[in-house]
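Asker: Take a look at this one; I'll ask things after.
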Amino acid sequence: MPAPSASEIENLAKGAMQSASLRGENAPDLAAALGQACGQAFTLFVSLAMVAPGIPAAAPPPAGSGSTAGPGTLLPPPAGGPGASMIEPIAMGMLASNKIRGEKQSALAKAIAQSIEQALTLFTTQVKVAPGMAIAGFTTTAPGNLMGAAPAKPMLQPIVLGFLQSGGMRGQNAPDLAGAIAETLSNALTQMMTRLKVTPGIPCTPAATAGPGRLV
């Protein structure tokens, strides 16, 4: 399965929270909620993700055979993945099911949703489709690989902290929580990148792909 499962991300979240010294009684529940929300959001991303047309190709007629000759681009959310408005009710449900309640529940769900959307947006910016997809009969005939790097924790942490603070979460543990969420997202996206492939079957002209591609 290309997207890391909820249980896989939950384990990443538990490790990130321990490394951030977040060891309160609710920390395992919060890790579970974060893992489940990310797991569902990333599964949605894989189902919605889109490779933009226009990847450079070298497939001369008459056979229309060759390969892609340049990198391809992933469309960002909401066109190519779930936006925060789609993720927020998922995060809210996961917090509730893991007994994370209270006056900040809604704000935390919103911050998690915004963080996931921004992480996926950065993922689609930094990760490209690698050149070299085989083409025959003006159609890609083999899966494509991804190249680049998922957004790293230092890039994500100030973004996540901003979302937490805008939701009124400004306590002394807010930077640590932001770091744990950022580390979880970075590690999970790195795992996902290594598993994803571009599906074959993209139509091509002699010079470029002529239709969108999907991920699997």
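Asker: Go through the stretch 80-94 and give me each residue that's over 13 Å from residue 114 (Cβ atoms) and open to solvent by less than 20 Å² (accessible area, probe 1.4 Å).
Answerer: 80, 81
Asker: Could you pull out the residue among 16, 41 that is in a helix (DSSP H, G or I) and under 12 Å from residue 181 (Cα atoms)?
Answerer: Values: 41 fails: under 12 Å from residue 181 (Cα atoms).
Selected residue: 16, the only one of 16, 41 that is in a helix (DSSP H, G or I) and under 12 Å from residue 181 (Cα atoms).
Asker: Going by what's in this entry, would residue 71 be described as open to solvent by 60 Å² or more (accessible area, probe 1.4 Å) and in contact (Cβ under 8 Å) with a residue 40 or more places away in the chain? Give the steps one after another, and end with the answer.
Answerer: Numbers: open to solvent by 60 Å² or more (accessible area, probe 1.4 Å): yes; in contact (Cβ under 8 Å) with a residue 40 or more places away in the chain: yes.
Taking the combined requirement at face value, the residue satisfies it.
Asker: Any chance the stretch 160-175 includes a residue that's touching a helix residue (DSSP H, G or I) at 6+ places or on another chain (Cβ under 9 Å), surrounded by 22 or more Cβ atoms within 10 Å (Cβ to Cβ), within 22 Å of residue 215 (Cβ to Cβ) and of a type outside the set (Ser, Thr, Tyr)?
Answerer: No: zero hits.
Asker: Sort through 100, 55 and tell me the only one that's among the hydrophobic types (A, V, I, L, M, F, W, C) and modelled with pLDDT of 95 or more.
Answerer: Numbers: 100 fails: modelled with pLDDT of 95 or more.
After applying the criteria, what remains is 55.
Asker: Determine if the stretch 82-92 includes at least one residue that is touching a Pro at 6+ places or on another chain (Cβ under 6 Å) and either farther than 19 Å from residue 167 by Cβ or part of a strand (DSSP E or B) (or both).
Answerer: Looking through the stretch 82-92, none of the residues is touching a Pro at 6+ places or on another chain (Cβ under 6 Å) and either farther than 19 Å from residue 167 by Cβ or part of a strand (DSSP E or B) (or both).
Asker: Mind checking which residues of the stretch 185-210 are open to solvent by less than 60 Å² (accessible area, probe 1.4 Å), part of a loop (DSSP other than H, G, I, E, B) and among the aliphatic types (A, V, I, L, M)?
Answerer: 196, 202
Asker: Can you spot a residue in the stretch 133-143 that is out of contact with any helix residue (DSSP H, G or I) (no Cβ under 7 Å at 6 or more places or on another chain), surrounded by fewer than 21 Cβ atoms within 10 Å (Cβ to Cβ) and on the phi > 0 side of the Ramachandran plot?
Answerer: Just the residues of the stretch 133-143 that are out of contact with any helix residue (DSSP H, G or I) (no Cβ under 7 Å at 6 or more places or on another chain), to begin with: 133-143.
Keeping just the survivors that are surrounded by fewer than 21 Cβ atoms within 10 Å (Cβ to Cβ) gives 134, 136-139, 141-143.
From what is left, the residues that are on the phi > 0 side of the Ramachandran plot are 137-138.
Among the residues of the stretch 133-143, at least one is out of contact with any helix residue (DSSP H, G or I) (no Cβ under 7 Å at 6 or more places or on another chain), surrounded by fewer than 21 Cβ atoms within 10 Å (Cβ to Cβ) and on the phi > 0 side of the Ramachandran plot, which makes the answer yes.
Asker: Quick test of your reading of the structure: residue 103 fulfils all but one of (1) part of a helix (DSSP H, G or I); (2) open to solvent by 30 Å² or more (accessible area, probe 1.4 Å). Name the failing condition by number.
Answerer: Unmet condition: (1).
The values are calculated or read from the model by the stated rules, or taken from the named source; none is laboratory data. Everything numeric here is computed off the predicted structure, so don't read it as measured data. Every residue, glycine as well, gets a Cβ built from its backbone with ideal geometry; the counts of neighbours run over all protein chains shown. Surface areas here come from the heavy atoms of the whole protein model, side chains and all, with no ligands, DNA or RNA. Shrake-Rupley method; radii C 1.70, N 1.55, O 1.52, S 1.80 Å.
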